[in-house]
Amino acid sequence: MVIVGDYTAQVGDPSGRSATRPQLTVAEVEKNAKTYLEQFFKILDADKIEVRRNGEWFADMSFVDILKLAGKMTLARMLERDDFSKRWKAEAPISIHELLYPLMQAYDSVAIKADVEIGATEQKFNLLTGRQIQELYGVEPQVAMTLPVLEGVDGIQRMSKSTGNYIGVSEPPKEIFGKIMSIPDKLIINYYTLLTDYDTAKINEMEEAMNGGQNPIDFKKELGQFIVRTYYDQEAADEVRDEFERVFSRKELPDDIPVMEYEWNEPRIWLPKLMAELKIMKGTGASVRMIKQGGVYLDGERVTDDKLEIEVRQERLLRVGKRGFYRLKGRIV
């Protein structure tokens, strides 16, 4: 069974948050729910899954019912939760409605009489709260099953759309493969462990091979193929790997380089400014940093001057990082 938290989503899960999460509108919740279910059913068979919305029970609860639910948890117990505890010590705001989230998730388990609830290790507090609240409502406590948290492509924070370090299962195959290729080498083994069905012996062999000097990129390519094949098919997996090898192994260009047309009121434009204007980078500061890190190329040549200005009327081929190719076409207005 899958529970769509159309009511809890309007509170927002505070797990791992250092600040209050903005409350979503009903329209935003519905839009997100549709997207999440589409992604969910890329993995599981929709015909074998029952989908429920917790609005089914929360919409009918009176304020008295909410008070009774809130009365089953103490503030001291709630502040044992790691993210609340850190914010409390840092004197950061904690909204009252956030304190309701664990209780609402716990009551979901009461409403459906859950036998087992699965969540990431960061959800341990919520899962155990579910057991506690079930017992107080006379329901047999569920088994709480936790899974490791997957780090994002930055190799630092957990994978999350809000931090931008995620790989979306509904993204195009080329984007998925490219993001896999960009992960830090230190994540390779963990990604194989959590995202593939490879047995432990094979994964250990990979780790030994990398420690012995084999290029990690070989294992990233295999991982990228596996992930794309999982969410698309073998043909798509082979195509994106072949294109990657054409571009980055043989220095050929991809087939579908986007053309970035722009207008400027002078004959020349500062390259970091242009990258920001075209939203290739988030701002001129980020553009300058990318140049200083050696990640910007014009017509195949690395850009070393962060003060470089280019001719607006001259078409140029820009490469940013390992995967970003753009054809720049400007005109003076």
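Worth pointing out:
- Residue count for region 93-148, restricted to those that are in contact with a strand residue (DSSP E or B) (Cβ under 8 Å, 6 or more places away or on another chain) and on the phi > 0 side of the Ramachandran plot: 0
- Any hit, region 167-183, residues being among the β-branched types (Val, Ile, Thr), in a helix (DSSP H, G or I) and over 30 Å from Tyr107 (Cβ atoms): yes
A quick yes/no check of all residues on (1) among the hydroxyl-bearing types (Ser, Thr, Tyr); (2) over 31 Å from the mean Cα position of the chain (by Cα); (3) more than 28 Å from Val333 (Cα to Cα):
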| position | (1), (2), (3) |
| --- | --- |
| Asp233 | no, no, yes |
| Pro254 | no, no, yes |
| Arg268 | no, yes, no |
| Ile280 | no, no, no |
| Val288 | no, no, no |
| Leu308 | no, yes, no |
| Arg319 | no, no, no |
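- Matching entry among Thr146, Thr129, Thr121 (being over 16 Å from the mean Cα position of the chain (by Cα), farther than 20 Å from Thr35 by Cα and buried (at least 19 other Cβ atoms within 10 Å of the Cβ)): Thr129
- Options Ala111, Ala92, Ala106: the member that is outside any loop (DSSP other than H, G, I, E, B), touching a residue at least 24 places away in the same chain (Cβ under 8 Å) and surrounded by fewer than 18 Cβ atoms within 10 Å (Cβ to Cβ): Ala111
Residues are listed down the side, and each one gets a yes or a no for (1) loosely packed, with under 15 Cβ neighbours inside 10 Å; (2) aliphatic (A, V, I, L, M); (3) at pLDDT below 90:
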{"residue": "Arg158", "(1), (2), (3)": "no, no, yes"}
{"residue": "Ile167", "(1), (2), (3)": "no, yes, no"}
{"residue": "Gly178", "(1), (2), (3)": "no, no, yes"}
{"residue": "Pro184", "(1), (2), (3)": "yes, no, yes"}
{"residue": "Tyr191", "(1), (2), (3)": "no, no, no"}
{"residue": "Asp197", "(1), (2), (3)": "yes, no, no"}
{"residue": "Ile203", "(1), (2), (3)": "no, yes, no"}
{"residue": "Glu208", "(1), (2), (3)": "yes, no, no"}
{"residue": "Glu222", "(1), (2), (3)": "no, no, no"}
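- Filtering region 238-285 to residues that are at pLDDT 90 or above and surrounded by fewer than 13 Cβ atoms within 10 Å (Cβ to Cβ) leaves Asp242, Pro258, Val259, Glu261, Glu263, Asn265, Glu266, Lys279, Lys282, Gly285.
- Residue count for region 100-127, restricted to those that are of a type in the set (A, V, I, L, M) and in contact with a Lys or Arg (Cβ under 9 Å, 6 or more places away or on another chain): 5.
- Among residues that are free of Cβ contacts under 8 Å to residues at least 24 places away in the same chain and loosely packed, with under 13 Cβ neighbours inside 10 Å, Gly152 is not included.
- Of residues in region 253-271 being part of a strand (DSSP E or B) and free of Cβ contacts under 8 Å to residues at least 60 places away in the same chain, the one farthest from Lys322 (Cα to Cα): Arg268
- Residue count for region 27-69, restricted to those that are open to solvent by 80 Å² or more (accessible area, probe 1.4 Å), within 23 Å of Ile133 (Cβ to Cβ) and of a type in the set (A, V, I, L, M): 2.
- Residue within region 193-206 that is assigned to a helix (DSSP H, G or I) and either in contact (Cβ under 8 Å) with a residue 60 or more places away in the chain or among the hydroxyl-bearing types (Ser, Thr, Tyr) (or both) present: yes
- Pick from region 114-124, criterion without any contact (Cβ under 8 Å) to a residue 60 or more places away in the chain and in a helix (DSSP H, G or I), ranking: farthest from Ser160 (Cα to Cα): Lys124
The values are calculated or read from the model by the stated rules, or taken from the named source; none is laboratory data. Computed from a prediction, not measured in an experiment: that's the story for all the values here. Here the Cβ is made from the backbone with ideal geometry for all residues, glycine too, and neighbour counts use every protein chain on show. Remember, those area values only see protein heavy atoms, side chains included, never the ligands or the DNA or RNA. Shrake-Rupley method; radii C 1.70, N 1.55, O 1.52, S 1.80 Å.
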